[in-house]
Protein chains: 2
Amino acid sequence: MTERAPTFYFPAPRTQKFCSQCGSPLTRMVPPDDNRQRDVCEHCGAIHYQNPRNVVGVLPVWEDKILLCRRAIEPRYNTWTLPAGFMELGETTAHGAVRETDEEAGVQIELGPLYTVIDVPHAEQVHFFYLAKVLDPGLNPGPETLEAGYFAAHEIPWEELSFRTVITTLEHYLHDKKNGVFPIHHYSVPHPLPKG
Amino acid sequence: MTERAPTFYFPAPRTQKFCSQCGSPLTRMVPPDDNRQRDVCEHCGAIHYQNPRNVVGVLPVWEDKILLCRRAIEPRYNTWTLPAGFMELGETTAHGAVRETDEEAGVQIELGPLYTVIDVPHAEQVHFFYLAKVLDPGLNPGPETLEAGYFAAHEIPWEELSFRTVITTLEHYLHDKKNGVFPIHHYSVPHPLPKG
């Protein structure tokens with residue numbers, strides 16, 4: 001519906017140059033009564049704090065198989081992932097997880113308990129994955145997904161998964177499944193080692 | 001150290017008028033391949049997403065008492081709280097919780113497990129509280145705290161507590177203390193009812 005190509009648009013990066021309130025150039029400084037550098041507007045006084053983002057997702061299970069989606073977007077284009085995405089304003093982690101599952105896989109689920117809470121400090125994120133039961137296996141993937149499908153434990157494409165939070169959530173699930181008990185797991189993933 | 005009064009500065013609100021990348025006025029629109037309104041720069045193409053923030057804190061225990069801090073800042077000035085504040089870029093929820101405890105109470109702790117994870121959708125926040133053991137009861141409150149002190153269960157000023165996430169975290173703790181088992185609690189707090 002727009003006359004511009006979608007590739008014209010990009011997410012605003014963390015680096016901020018101008019004040020969102022008055023449009024003046026920003027100064028990097030430690031504000032009064034603070035202890036770290038912020039982007040500050042010395043014209044209108046606005047301090048532009050930045051904070052980590054939450055990624056919310058689901059581990060959806062149909063009978064004995066797990067639903068995975070192949071990413072149609074960067075980062076990690078063409079790798080397999082659990083349905084997940086950035087938490088939006090005004091929603092809970094649970095609402096966001098259900099919304100992302102609908103947007104990426106187009107599948108109806110019954111949300112279960114929160115399962116993994118994972119600190120990812122180098123990405124400035126916290127990831128949350130819920131367990132969920134797929135109510136009807138029909139899939140209708142959205143534009144962020146190349147394809148979606150169900151995988152038995154031995155079919156999971158471990159070498160083609162998107163993120164370590166997805167890998168570790170799947171690992172915890174397959175381990176806990178043996179015991180039939182699924183407690184909340186909370187942990188951090190360290191900065192990845194450079195390849196090569 | 002600044003010649004301006006600290007009150008000159010204020011946190012930039014959610015409402016954004018100008019692009020942080022090029023300073024042009026923003027347009028409220030649904031970007032291509034998106035499904036909700038964003039602040040978009042039609043000059044440079046930057047999409048200014050906004051996301052919920054995390055608040056990270058601690059329930060610090062010394063012998064049989066809980067450490068509380070009386071707030072020297074808005075909102076909820078002069079009410080009692082657990083040490084907590086906004087998670088910063090580059091840290092884990094655990095690092096942030098320890099930092100806030102140091103900044104607000106000036107006390108040394110041994111951090112325990114994550115204890116409550118609380119969705120607060122009307123505030124566009126998720127709150128995390130860790131259990132912690134106070135290593136030395138000496139206190140050195142920072143500028144965001146009027147005073148800090150230790151409270152036995154029957155001394156907790158329930159009517160003067162700051163936030164429902166603090167109240168419910170204390171309630172869970174006192175309940176779980178009877179059983180000696182402290183599992184992670186995950187829940188949401190609904191929008192508060194208007195008073196009167």
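Structure above, values below:
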read-out	value
Share of carbon and sulfur in the accessible heavy-atom surface of the stretch B:114-196 [1.4 Å probe, %]	57
Cys residues of chain A counted as unpaired, since no other Cys beta-carbon is under 4.7 Å	A:C69
Shielding by partners, peptide B:107-120 (average Cβ within 10 angstrom, other chains)	2
Dipole magnitude of chain A about its Cα centre (Cβ charges: Lys, Arg +1; Asp, Glu -1), debye to nearest 20	560
Per-q log10 I(q)/I(0), the stretch B:14-112, q = 0.11, 0.12, 0.17, 0.25 Å⁻¹ (Debye; single scatterer per alpha-carbon; no solvent)	-0.54, -0.60, -0.80, -1.23
Shortest-first distances to equivalent copies, position A:A152, nm, label 7 Å out along Cβ	6.2
15 Å tail of the calculated P(r), the stretch A:44-95, as % of Cα pairs	63
Kirkwood Rh (inverse of mean 1/r, distinct Cα pairs), chain B, angstrom	18.9
Kirkwood hydrodynamic radius of the stretch A:93-196, Cα pairs, Å	15.2
Per-residue SASA entry for B:V166, accessible area with 1.4 Å probe, Å² rounded to 10	0
Antiparallel bridge percentage (DSSP; both residues within the protein assembly as shown; nearest 5)	65
Accessible solvent surface per residue of the stretch A:53-188, calculated while the other protein chains remain in place, 1.4 angstrom probe, Å²	43
Contact order normalised by residue count of the stretch A:53-188, Cα under 8 Å, 6+ apart, percent	32
For the protein assembly as shown: Kirkwood Rh in Å [reciprocal of mean 1/r, alpha carbons]	22.8
Partner chain coverage, peptide A:182-189 - average Cβ within 10 angstrom	3
Between B and A, accessible area buried - total, square angstrom, nearest 100, 1.4 angstrom probe	5100
Computed [θ] at 222 nm, deg cm²/dmol, chain B (DSSP H ≥ 4; -39,500 (n - 2.57); rounded to nearest 500)	-5000 deg cm²/dmol
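The values are calculated or read from the model by the stated rules, or taken from the named source; none is laboratory data. Remember, predicted model here, so these are calculated numbers, not experimental data. Using ideal geometry, Cβ is built from the backbone for each residue, glycine included, and neighbour counts are taken over all protein chains shown. Each accessible area value is taken on the protein alone, full model and side chains, heavy atoms only, with ligands, DNA and RNA left out. Shrake-Rupley method; radii C 1.70, N 1.55, O 1.52, S 1.80 Å.
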